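Quick notes on the structure that follows.
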Amino acid sequence: MRRFALVCGVLIVALIMSGCGDTYRPVVIPNPPPTPDPRAAHNLFVISNNGSANKGTGMQVNVSGDTNMGVIPLGIAPVHASLTANGARVLSANFLNDTVSVIAPASTLGGITKVVDVVFPTGFGPSFVTTTETSAFYVAGAGSAPSLAFVSGTSNAVLDIKSLPGTVGTTLSMAETPDALKLYVASSNANSVVPVNPVDRSFNPAIAVPTPIWVSARSDGQRAYVLSQTTGAITEINPLDDSVVPNTVSAGAGANYMFYDSRLNRLYVANPSAGNVTVVSVAGNQATELGTLSSFPVAPRVDSIDDPSDPSRGHQPMACTGSVQPFSAVSLPDASRVYVAGKFVGSCTNANQTVTCVASTIGQPVTATVCFQFTVFMANDFTVRGSTAIPPLAITAGSAAGICDATRFRVTTAASADSSKVYLGTCDGGGVGVVRTDTDQFANFLFAPPSAGTSSGGAAPPPQNPVFVLPGQ
């Protein structure tokens, strides 16, 4: 028995030894790829018009690489867009075919997709859409008669439509308080703002405001602000009882744009007529003016000559004389700086080229050049940090101008959620200018998708016309 056990032991050892050869068997160690840059999660949405007979588009741009993440068809003549509270849906108001497109942004799970087109009665004319909720959104119609539609964010069904003050041609603006307890709807030619109770869809008595052009709600839901284009006064409303809080703030007659900075609790009110931007603190119980941004240095420009035979001839500095007309402002989410978008009106020249920049293409009989720029201000003391030019855009009267002359948001600005870039969308230019905030220099121009327009000589069709630029989360 001992001999048998000994023999078995020897055989087992021999078997083990036979499995050990000269071949190395490496151990597999998982090696996961590097985690993507979190900036890649931030997006920009460009809403573009494609003419009065073709569907417009929504284009999603990745902020980190300025790459096109996808294009989706919308309705005809989109005019305004908004995000739901959680950023999970993009809402596009399409004026000419009475729809609102509900879009699901692209993500790691899939590309950009259209969820549905919410259809409204013929002639409703969706012109503005807003919400601070995920379960509901609100659409203002400026078609045959001013109206407000209540839409379910869950089923995308129209729940109710009610008439608003005003007549055909009014400009409608809206803002909902973050607590979703009050919605304010301004109708410019009715000279009034209607407080709406979203819970039961009832209207409170209208508040008189001369030519209200813009509405903003404070992030704590305790105040709403309405800008009058006629007087420039800012009407301050307490949502608790819709009472008007007295203040003396005014941005001057002609003010037509108001940006709310939720981090610093400020309003930046642009007045192209007066050539300035009024800064208003709304952190307390009464709005107070902090100062006025009125110094807009002309951004340096270079010529557009590209001569391969003489590289020294092209892209040389130009001497510019003229002024800058501000029309909007946007602050970075990190609250460090404010970017004022403006048009340079004047001329730039050197030995190679002369460029004349006009304020508007309306009424121009031939091709005109429009020149945009950003002026950068420090948010803490309003000192000028610098200015950067967007390349000149040559616009032929009667082409893009045919669409853009009637566009409410002919030029729109936005800042990315990570504060790395600011954007300027131009309807006439057919794209979006990109400025990096680490250098405050122009970085790229993103063209909108090709339009249904005709081209000549075998060239590609012209791009569509961006009508709204919307920062994602």
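FYI, it's all coordinate maths here, none of it is from the lab. Keep in mind the model is a prediction, meaning the values are calculated, not measured. With ideal geometry, Cβ positions are generated from the backbone for all residues, glycine too; neighbour counts draw on all protein chains shown.
Some notes on this structure:
- For the stretch 190-214 versus the stretch 215-264, the gap between their alpha-carbon centres in whole angstrom: 13
- Amide proton proximity set for residue 390, modelled H, under 5 Å, gap of 5+: 372, 373, 374
- Footprinting exposure proxy ranking of 305, 103, fewest other C-beta atoms within 10 angstrom first, gives 305, 103.
- Here each label is just a point 7 Å from Cα along the line to Cβ, and for residue 335 and residue 290 those points are 0.9 nm apart.
- Applying the Karplus relation 6.51 cos²θ - 1.76 cosθ + 1.60 with θ = phi - 60° to the stretch 162-169 yields 3J(HN,Hα) values of 10, 6, 10, x, x, 10, 3, x Hz, where x marks Gly and Pro.
- Label point at residue 362 placed 7 Å out along Cα→Cβ; residues across the stretch 424-464 whose backbone nitrogen lies under 19 Å: 426-430
- In the frame of its principal axes, the chain has Cα extents of 113, 70, 50 Å, reported largest first.
- Note on the chain: helix-only mean residue ellipticity at 222 nm, from DSSP H runs of 4+ residues weighted -39500 (n - 2.57) and normalised by residue number, equals -1500 deg cm²/dmol.
- Placing a label point 7 Å from the Cα of residue 353 along the Cα-to-Cβ line, the residues of the stretch 430-473 whose backbone N sits under 17 Å from it are 442-445.
- Selected from 314, 435, 377, residue furthest toward positive end of dipole (the stretch 295-454; charges at beta carbon): 377
- 30 Å Cα-Cα reach of residue 421 towards lysines, excluding residues that sit fewer than 8 places from it in its own chain: 55, 114, 343
- Stokes-Einstein D in µm²/s, Kirkwood radius over Cα pairs - the stretch 216-274 at 10 °C with 1.306 mPa s viscosity: 135
- Remark: the residue 208-residue 383 segment gains 59.3 nm on full extension, using 0.36 nm per residue and subtracting the alpha carbon distance.
- Ordering of 427-435, 168-176 by packing [mean C-beta count within 10 Å, highest first]: 427-435, 168-176
- Total formal charge among the other residues, if their Cβ is under 13 angstrom from that of residue 58, Lys/Arg +1 and Asp/Glu -1: +2
- Per-peptide packing, taken as the mean over residues of other Cβ atoms within 10 Å, places 272-285, 120-133, 309-322 in the sequence 120-133, 272-285, 309-322 from highest down.
- Whole-number Å³ per residue for the convex hull built on Cα positions in the stretch 216-322: 132
- Local electrostatic count, residue 262, Cβ distance below 11 Å [Lys/Arg +1, Asp/Glu -1]: +1
- For the stretch 295-454, the fraction of C-alpha pairs more than 20 angstrom apart is 53%.
- Label-to-label distance, residue 159 versus residue 405, with points set 7 angstrom from Cα along the beta-carbon direction: 4.2 nm.
- Kirkwood Rh in Å, taken over all unlike Cα pairs in the stretch 295-359: 13.6
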